[in-house]
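Below is one structure; the comments refer to it alone.
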Amino acid sequence: MSLPLATEPLPLTPDADGTVRVGGTRVTLDTLVEAFHEGLTAEEMAQQYPSVALADIYAIIGYYLRRRNEVEAYLEERRLQAREVRELNEARTDPRGIRERLLARREH
């Protein structure tokens, strides 16, 4: 008996914004890599994100370990984009006094 050897497609898909999502779910590559860095096992990730198949989690961990530099570059780009969005939002709204304004709304 011979074992059929086949390459499985990678369960990663970029959405319209360029965010890489896992296996047709809303879970992002960023989320699973962060969980991996926090020391979660694939099984723990599967429990935490039940919409992602365990086999897909293992495939993504393998992908990350084989292409760490490229994935880290992608993640750094995402962090920079998030920082730019945060700074833009902060420039639009003065965060000083927000607590007082929210408490004043509650009283009315």
Calculated Cα extents along the principal axes in Å (choose from (1) 83, 39, 15; (2) 77, 28, 27; (3) 50, 31, 24), label | (2)
Cα axis of helix 98-107 to longest principal axis of the chain: angle in degrees, 0 to 90, nearest 10?
-> 70
For helix 68-92, what angle does its Cα long axis make with the longest principal axis of the chain, in degrees from 0 to 90 and rounded to 10?
-> 20
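In the chain, which longest range has no trypsin sites (Lys or Arg not before Pro) that are both DSSP loop (not H, G, I, E or B) and surrounded by at most 12 other Cβ atoms within 10 Å?
The longest such stretch corresponds to 27-66.
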Cβ-based net charge around P14, under 12 Å, with every Lys or Arg adding one and every Asp or Glu removing one | 0
The chain - percent relative contact order, Cα under 8 Å, separation 6 or more = 17
Let me have the 222 nm mean residue ellipticity of the chain computed from DSSP H runs of 4+ only, each contributing -39500 (n - 2.57), with the sum over all residues rounded to the nearest 500.
-> -18500 deg cm²/dmol
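Where a number appears in this text, it was derived from the coordinates with a stated rule and is not lab data. Predicted model, so just to flag it, every value in this text is computed and none were measured. Methodologically, a virtual Cβ is constructed for each residue, glycine included, from the backbone with ideal geometry; neighbour enumeration extends over all protein chains shown.
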